[in-house]
Amino acid sequence: MQATRLLAVMNKDHHPHPPDPWGVCKLFVHCELTGPEDTPHPANLETTASGFFPVHALPALSLGRILPEQVHLVAGLAIDPASAVSCD
């Protein structure tokens, strides 16, 4: 997998996430698959399973980490190569 461009920088405090005891900024990066080892995501210590889903059919999200409106925003940015980076 290869990172191709930064899509968004979001401060969790500026979005309706559940409260956190610390500040978190999230970077959303558009990546391109570079080979068969990229599909599905290789097993690792942090992720037990992964897959590709259409934006309209996502599994349950971890709302402490990502919100549906954030997914829709970055998905729109990803398909528009002329879009500017979205920053809070």
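At a glance:
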read-out: [x] 2, 11, 17, 19, 19, 19, 9, 3, 0; [y] 3, 13, 18, 19, 18, 12, 8, 5, 2, 1, 0, 0; [z] 3, 11, 20, 22, 23, 15, 5, 1, with the label sought being that of the calculated P(r) over Cα pairs in 5 Å bins from 0, in percent; value: [z]
read-out: The chain, accessible surface, carbon-and-sulfur percent (1.4 angstrom probe); value: 63 percent
read-out: Long-range HN-HN contacts of Arg5 with modeled amide H, under 5 Å; value: His30
read-out: Contour excess over end-to-end distance, with Cα ends at Ala75 and Trp22 and 0.36 nm allotted per residue; value: 16.4 nm
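The values are calculated or read from the model by the stated rules, or taken from the named source; none is laboratory data. A quick note: this is a predicted structure, and the numbers were derived from the prediction, not measured. Note: accessible area is taken over every heavy atom of the protein model, side chains too, but ligands, DNA and RNA are not part of it. Shrake-Rupley method; radii C 1.70, N 1.55, O 1.52, S 1.80 Å.
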